[in-house]
Amino acid sequence: MGQNERDFAEWLVSRCGRLPSGMTIPIGDDMGGIPAGSGQILVSSDMLLDGVHFDSKQHSFAMVGRKAAACNLSDCAAMAVRPLGVVVSLALPKTSGLDDAKAIMEGVIRVCEQFDCVLIGGDTTRWNHALVIDVAIVAEPYPGIDPIRRSEAEAGDRIFVTGPLGGSIRSRHMTFTPRVNEARKIASELGGRLHAMMDISDGLGIDLDRMMNASNTGAVLERSAVLQVASPDLRDVESSDDGLIEHVLSDGEDYELLIAADVNDAVAGELGLTPLGVVTERKNLMLKSEGTETQIEPGGWQHF
């Protein structure tokens, strides 16, 4: 949806973003939070469409189920919270049978089991259209770790990612590992020095823009650092540096973590984090190379 999606999200925040009494995390983050007993419960959902997020002619039903659940587990990683259970709704084509439904759910269950998350319910229906799968996930904070918001980045923070970016469409978008365990370790080790975090689902440019907007800040990325995180998949098909940068900034579904923290590169390196740049007070995104800065557009990049 691009800009329309952003406008819609901003409208929802303005319409529903005020925190009712006791509510902990409103619309606008990777998960929403509500009070539960002496703690809080976090909830998120993702809908995947055949022909948009996967191709049932190329991808097995088990892979489809795995990806649908993994996207939600990645939301838990984005906020460094513990996944508890998932609810799965399927709209199956009338050409699909029981074995297809079982294969989808096997994919869901197996990836959830890796993170001690269980299937707790759902719904199944059939129609004369392509497969749709919607997964909702419930999570809770880890002991001693508050959920990490995307809105607390501060000027001077360093910006990091947990892994390679770009080119995921070649295969990685179906097989990625949600960074649930890494997120817990990062949050535990950095404590209050970890200011903001989210997963990269729509591309580095768009998601960094979301984090900076939520935090009322901007960012400067180092061109050499952006090139360094280009994935091997991307390097196999793109030879020019400009092309690599465009893909790193614009390609979606990497599901690595984007982090703003008050730590140096050496400390971050011990946690497997790769530095990309710095948070600034200016409300824009820039790409820096040899003292020259180029503005990054959220949907990509261009020279001015």
> How large is ³J(HN,Hα), in whole Hz, for each residue of region 160-176 in order, when computed from phi with the Karplus curve 6.51 cos²θ - 1.76 cosθ + 1.60 and θ = phi - 60°, using x for Gly and Pro?
Replying inline: 9, 10, 8, x, x, 10, x, x, 5, 4, 5, 4, 5, 5, 9, 10, 4
>> How far apart, in nanometres, would the label points at Glu106 and Asp55 be if each is projected 7 angstrom from Cα along the Cα-to-Cβ direction?
In response: 2.4
>> Ratio of alpha-carbon Rg to the 2.2 N^0.38 Å globular estimate for region 3-141, to two decimals, please.
In response: 1.13
> What are the trypsin sites (Lys or Arg not before Pro) within region 67-110 that DSSP puts in a loop, where the Cβ has at most 10 other Cβ atoms within 10 Å?
Replying inline: Lys94
> Between Thr125 and Asp236, 0.36 nm times their residue separation minus their Cα-Cα distance comes to what?
Replying inline: 35.8 nm
> What is the packing order of peptides 196-209, 121-134, taking the mean over residues of other C-beta atoms within 10 Å and listing the highest first?
Replying inline: 196-209, 121-134
>> Please compute the Kirkwood hydrodynamic radius of region 158-301 from all pairs of different C-alpha atoms, in Å with one decimal.
In response: 15.1
> Near the amide H of Ala219, under 5 Å away, which other amide H atoms are found, from residues 5 or more places off or on another chain, if H is placed in the peptide plane?
Replying inline: Thr280, Asn284, Leu285, Met286
>> Can you say what percent of the DSSP beta bridges in region 3-141, counting only those with both residues inside, are antiparallel? Round to 5.
In response: 70
>> Can you compute the helix-only [θ] at 222 nm over the chain? Use -39500 (n - 2.57) per DSSP H run of at least 4 residues, normalise by all residues, nearest 500 deg cm²/dmol.
In response: -10000 deg cm²/dmol
> Roughly how many nanometres apart are two label points built 7 Å out from the Cα toward the Cβ at Gln295 and Ile27?
Replying inline: 2.9
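Roughly how many debye, to the nearest 20, is the charge dipole of the chain about its Cα centre, given +1 on each Lys and Arg Cβ, -1 on each Asp and Glu Cβ, and no other charges? Present the calculation step by step, with values, prior to reporting the outcome.
Values: 26 positive and 45 negative charges, 143 e Å.
Using Cβ point charges on Lys, Arg, Asp and Glu, the chain gives about 680 debye.
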> In whole Å, how far is the Cα centre of region 231-291 from that of region 130-155?
Replying inline: 22
> Using the Karplus equation 6.51 cos²θ - 1.76 cosθ + 1.60 (θ = phi - 60°), what ³J(HN,Hα) coupling, rounded to whole Hz, does each residue of region 193-205 give in order, writing x for Gly and Pro?
Replying inline: 7, 7, 9, 8, 7, 7, 8, 9, 10, 10, x, 4, x
> What number, in percent, do you get for the relative contact order of the chain if the mean sequence gap of Cα pairs under 8 Å and at least 6 apart is divided by its residue count?
Replying inline: 20
> What residues from region 212-256 fall in the zone where the backbone N is under 14 Å from a label point 7 Å along the Cα-to-C-beta line of Glu152?
Replying inline: 215
> Met286 versus Val267, label points 7 Å from Cα toward the beta carbon: distance in nm?
Replying inline: 2.5
>> Please list, ordered by chain and number, the residues whose modelled amide H lies under 5 Å from the amide H of Ile41; skip anything fewer than 5 residues away on the same chain.
In response: Ile34, Ala36
>> Please compute the contact order of region 158-301 in relative form: average sequence separation of alpha-carbon pairs under 8 Å and at least six residues apart, divided by the residue count, as a percent.
In response: 44
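Could you work out how much longer the chain between Ile34 and Arg193 gets when fully extended? Use 0.36 nm per residue separation minus the Cα distance between them, nm to one decimal.
54.8 nm
Every number here is computed from the coordinates shown, using simple stated rules; none is lab data. Computed from a prediction, not measured in an experiment: that's the story for all the values here. Cβ: placed from backbone, ideal geometry, glycine included. Neighbour counts: every protein chain shown.
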